[in-house]
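Reviewing the structure listed below.
Readers should treat all values here as calculations from the given coordinates under stated rules, not as data from a laboratory. Owing to the predicted nature of the structure, the values given are computational and were not obtained by experimental measurement.
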Amino acid sequence: MSISEVYNGEPADIAAARRLAAELFSGLTRSGRPVSATVVADVHLVVSELVTNAVKHTRGLFGLDLRVADDVVEIMVWDTSEEPVAAMTPDPARVGRHGLEIVTALCGGFKVAATPKGKRITAQMALRPVA
């Protein structure tokens, strides 16, 4: 199962991306694959962090692709910025800029790939079915 959307780069796109994630999980539930509330919340957080970065650091279009296969949800955000991406060293005194630290903590890391017109950031999270 997969779902995708392209956004204009507006702050409201962050909430729209979370709604897209909710739509994915609603589809999984309808197909008989309910997922734990913890996983749903964690995926929403990862989506929020990656999409927030796209809104803040990209001018113009970006996209979100969510895919479920083999009990893993793949969260992929592409944008048109060539600005490098890297998690900062953890610093509890820093205010803000913890998004990729959060993604790393929840997903065990992320991958960045250059594209002809920007980059693609991909993170994966294991799905845990409802017990």
statement: For the stretch 5-15, in residue order, the Karplus 3J(HN,Hα) values (coefficients 6.51, -1.76, 1.60; θ = phi - 60°; whole Hz; Gly and Pro = x) are 7, 10, 10, 8, x, 9, x, 5, 5, 5, 5
- line: Where a ≥ b ≥ c are root eigenvalues of the Cα gyration tensor, a/c under 1.5 meaning rounded, otherwise prolate if a/b exceeds b/c and oblate otherwise, the stretch 52-112 counts as oblate
query: Along the stretch 60-71, what does the Karplus equation 6.51 cos²θ - 1.76 cosθ + 1.60 (θ = phi - 60°) give for ³J(HN,Hα), rounded to whole Hz, x for Gly and Pro?
result: x, 5, 8, x, 10, 10, 10, 9, 10, 8, 6, 6
Backbone HN-Hα couplings from phi across the stretch 98-110 [Karplus 6.51/-1.76/1.60, Hz, Gly and Pro as x]: 9, x, 6, 5, 5, 4, 4, 5, 7, 10, x, x, 7
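Can you tell me the alpha carbon radius of gyration of the chain divided by the globular rule-of-thumb value 2.2 N^0.38 Å? Could you put the intermediate results ahead of the total?
Values: Rg = 14.4 Å, N = 131, 2.2 N^0.38 = 14.0 Å.
Relative to the rule-of-thumb radius for its length, the chain sits at 1.03.
Let me have the 222 nm mean residue ellipticity of the chain computed from DSSP H runs of 4+ only, each contributing -39500 (n - 2.57), with the sum over all residues rounded to the nearest 500.
Numbers: 3 runs with 49 residues, N = 131.
Helix contribution divided over all residues of the chain: -12500 deg cm²/dmol.
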